[in-house]
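Following: one structure in structure tokens, then a few remarks.
The values are calculated or read from the model by the stated rules, or taken from the named source; none is laboratory data. Predicted, not measured: the structure shown is a model, and the values here were computed from it. Cβ sites come from the backbone with ideal geometry, for glycine too, and all protein chains shown count toward neighbours.
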Amino acid sequence: MKVQLLLILLFKTALVFGQAAVFSVKYKTIKFPPTPEGEVLTFSYEVKNTGKIPLEIYSSETECSCTDVILPTENIPPGGFGTVKVIFNTQGKYYFQNRMIYLNTNSRKKRELVRFKVYVEPDPSRQLNQDP
């Protein structure tokens, strides 16, 4: 009898610890058409939690101050959706931009990656270093 109770307790404990939030987005990479320098791109990633417990997005990390990330204020319930809003200022940026955003979460991976790509057309008045 004690062995059966111990096995049941171990099984239930394993189920509880096996539960996790699962970060899921339809498009991990968003590609934009060529964009003139100086424009501000504003877009969102729709995040779905396909896990068994609420998904928490604690913080974000970007490569430069030209990219702002606005995280959901509430946890995303199992089966629910949340929005990660991104604002990218192209001023002072030109040519091919491949920006990564790392999201620190309570998912199994802990650190999730989304990215965007855009070709920024330099302002015609900008003097770029060019080889003769």
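For region 77-102, residues that are in a strand (DSSP E or B) and more than 19 Å from residue 60 (Cβ to Cβ) total 2. For the subset of region 32-58 comprising residues that are of a type in the set (Ser, Thr, Tyr) and more than 10 Å from the chain's Cα centre (by Cα), which member is modelled with the lowest pLDDT? Only one residue fits best here, namely 50. I'm trying to understand the selection: among the residues of region 51-76, which are surrounded by 14 or more Cβ atoms within 10 Å (Cβ to Cβ) and not in a strand (DSSP E or B)? Once the filter is applied, which keeps residues that are surrounded by 14 or more Cβ atoms within 10 Å (Cβ to Cβ) and not in a strand (DSSP E or B), region 51-76 yields 51, 52, 53, 54, 56, 66, 71, 72, 75. Criterion applied to 69, 22 was being under 12 Å from the mean Cα position of the chain (by Cα) and among the β-branched types (Val, Ile, Thr), and the one residue passing it is 69.
Checked across region 21-31, the condition of being among the small types (Gly, Ala, Ser), assigned to a loop (DSSP other than H, G, I, E, B) and at pLDDT below 90 holds for no residue.
Among the residues of region 77-110 satisfying the criterion of being in contact with a strand residue (DSSP E or B) (Cβ under 6 Å, 6 or more places away or on another chain) and among the aromatic types (Phe, Trp, Tyr), which is surrounded by the fewest Cβ atoms within 10 Å (Cβ to Cβ)?
96
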